[in-house]
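Notes for the one structure printed next.
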Amino acid sequence: MAKQRFTAPRLEAFTCPEGKAQAFLWDAAAPGLGYRVTANGSRAFIFQSRLDGQTIRVTVGDPRIWLLDKAQSEARRLQGLIDQGKDPRQEKAATIAADQAERAAAKLDKQRMDVSGLVAWADYCKARRSAWSERNHADHLTFASAGGEKRKRAKGETIPGPLFALLNRPLAQIDSESVLLWVEREGKTRPARALLGFRLLRAFVNWCAEDETYAPLVQADACKPKKTRRALPKVAAKDDCLQREQLALWFGEVRKQSNPVISAYLQALLLTGARREELLGLQWSDVDFQWQTLTIRDKVEGERTIPLTPFVAQMLAALPRRKLHNGKPSPWVFSSPQAATGRLQDPRINHNKALQAAGLPHLTLHGLRRSFGTLAEWCEVPVGIVAQIQGHKPSAIAEKHYRVRPIDLLRQWHTKIEAWVLEQAGIEFDASQPQGLRVITAA
């Protein structure tokens with residue numbers, strides 16, 4: 001190959017002869033450095049040498065980018081690899097592959113850094129679903145909901161859940177500062193919801209920190225600063241409860257309800273001391289009229305059996321047996337033909353109206369459960385009996401390990417509580433008579 005000393009004018013003047021696809025000019029100063037020009041005018045510095053008896057050719061680069069001295073230095077470097085028995089093509093391929101891998105990793109990191117907190121929240125809810133109660137799962141969905149859906153029982157649309165704005169950002173950006181701002185903002189308008197939301201968020205962050213996918217992204221200390229915990233609102237424990245002298249007014253208005261299902265539900269809630277969702281989820285298969293028992297799906301223990309007291313038994317037996325929208329018999333004791341599930345959903349509106357009509361102060365549905373435990377003290381019922389009926393965990397070693405109360409013992413005391421409450425309410429009821437224990441069938 002004829003060689004010439006490369007100069008800028010010489011390279012600029014070099015062209016591809018007519019009738020040829022490409023032409024080469026070789027440098028006399030840098031071994032192996034060539035200058036290639038194609039028929040369409042494309043130009044490039046190349047390097048050519050021999051390794052193990054084979055010709056090796058590698059493109060160095062575009063002359064508009066590679067200055068001549070840099071191209072010559074690169075040719076000498078590549079020749080040095082040849083002298084060491086290395087193939088420059090493999091080095092170039094490895095460099096390209098490493099660069100592509102680095103860019104792909106950077107792109108993946110960016111995608112992962114952009115993962116929304118809502119996406120991680122959805123995975124969290126899915127992973128933990130089996131360990132949660134229906135109520136707990138519903139709370140997680142509600143707190144992260146986007147809102148904007150048509151309300152079922154009122155006009156307008158639902159508002160976003162308390163955690164939506166915080167979770168609707170990249171998970172990596174949910175840090176201690178953003179959590180503190182959220183606590184301060186929510187604590188002013190919805191203190192009780194802010195407390196619950198913070199507990200849900202803290203458990204979510206802890207789960208992410210232990211998850212293989214989200215551990216590199218989450219700020220594990222987002223909920224840990226003392227400043228954030230000090231900013232949490234102080235919410236006093238509720239103490240709403242029916243007093244003995246209020247029972248007549250309360251029963252009077254509740255029993256006037258036009259909807260017998262809601263009326264029976266509210267009275268049963270007070271007379272069983274059950275949690276609101278436990279009683280709403282009661283099915284006919286859980287009611288044993290023969291042996292006078294109710295099987296409650298307990299959120300703590302999973303299931304508990306309590307006595308079916310005479311007055312409650314009469315109310316339940318008189319409730320309509322309805323059908324679901326698909327024509328099948330409804331399994332729900334407290335059914336509702338308007339609800340998609342076929343089950344009573346929220347009796348609070350009716351309860352509040354009854355309270356207002358009776359001139360009584362506001363009382364939550366959970367306040368009825370609290371009322372059961374409080375009113376039972378008038379009957380001098382042992383604390384452990386009340387706790388077992390209501391599904392509270394044992395509070396002492398003796399209760400936990402040395403008290404196994406049969407249902408008949410619970411019934412003896414539970415019936416006494418019911419009779420006393422009805423007496424204070426001015427309701428005449430003869431528990432020895434089976435009247436009213438019948439089933440009303442409704443379409």
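Of note:
- Cβ pairs under 6 Å, 6+ apart, first in the stretch 210-235 and touching a residue at least 12 places away in the same chain (Cβ under 8 Å) and at negative phi, second of a type in the set (Ser, Thr, Tyr) and surrounded by 12 or more Cβ atoms within 10 Å (Cβ to Cβ): Ala222/Ser176; Pro225/Ser176
- Subset tally (residues that are touching a residue at least 24 places away in the same chain (Cβ under 8 Å) and crowded, with 21+ Cβ neighbours inside 10 Å) for the stretch 294-309: 4
- Per this entry, Gln90 is not counted among residues that are more than 55 Å from the chain's Cα centre (by Cα) and over 22 Å from Trp26 (Cβ atoms).
- Out of Gly61, Gly53, sole residue that is at positive phi and at pLDDT below 90: Gly53
- Filter result (among the β-branched types (Val, Ile, Thr) and in contact (Cβ under 8 Å) with a residue 40 or more places away in the chain) within the stretch 321-367: Val333, Ile349, Thr364
- Selection of the stretch 19-43 for residues being in a strand (DSSP E or B), farther than 21 Å from Leu81 by Cα and among the hydrophobic types (A, V, I, L, M, F, W, C) yields Ala23, Phe24, Leu25, Val37.
- Of the residues making up the stretch 236-284, those that are small (Gly, Ala, Ser) and in a helix (DSSP H, G or I) number 5.
- Checklist (1) buried (at least 17 other Cβ atoms within 10 Å of the Cβ); (2) modelled with pLDDT of 90 or more applied to Trp291, failing item: (1)
- Test for Ile349: is it touching a strand residue (DSSP E or B) at 6+ places or on another chain (Cβ under 8 Å), outside the structural domain of Arg135 (by TED's automatic domain parsing) and not aromatic (Phe, Trp, Tyr): no
- Of all residues in the stretch 171-215, exactly one satisfies the criterion of being assigned to a loop (DSSP other than H, G, I, E, B) and of a type in the set (Phe, Trp, Tyr), namely Tyr214.
- Residues (surrounded by fewer than 10 Cβ atoms within 10 Å (Cβ to Cβ) and either at pLDDT below 80 or touching a Gly at 6+ places or on another chain (Cβ under 8 Å) (or both)) located in the stretch 92-135: Lys110, Gln111
- Test: Leu308 is assigned by TED's automatic domain parsing to the domain that holds Gln257, over 20 Å from Trp250 (Cα atoms), at pLDDT 95 or above and not basic (Lys, Arg): yes
- Checked across the stretch 370-383, the condition of being among the basic types (Lys, Arg) and surrounded by 15 or more Cβ atoms within 10 Å (Cβ to Cβ) holds for at least one residue.
- Where Cys223 falls short, out of the listed (1) buried (at least 16 other Cβ atoms within 10 Å of the Cβ); (2) in a helix (DSSP H, G or I): (2)
- Pro320 being more than 21 Å from Ala419 (Cα to Cα) and in contact with a Pro (Cβ under 8 Å, 6 or more places away or on another chain): yes
- Taken residue by residue, the stretch 348-363 has no member that is surrounded by fewer than 11 Cβ atoms within 10 Å (Cβ to Cβ), within 21 Å of Asp239 (Cα to Cα) and at pLDDT below 85.
- Within the set Glu210, Glu177, the sole residue that is closer than 22 Å to Val115 by Cβ, surrounded by fewer than 12 Cβ atoms within 10 Å (Cβ to Cβ), at pLDDT 90 or above and not small (Gly, Ala, Ser) turns out to be Glu210.
The values are calculated or read from the model by the stated rules, or taken from the named source; none is laboratory data. All values reported here derive from a predicted model rather than from experimental measurement. Ideal geometry is used to build each Cβ from the backbone, glycine not excepted, and the neighbour counts take in all protein chains shown.
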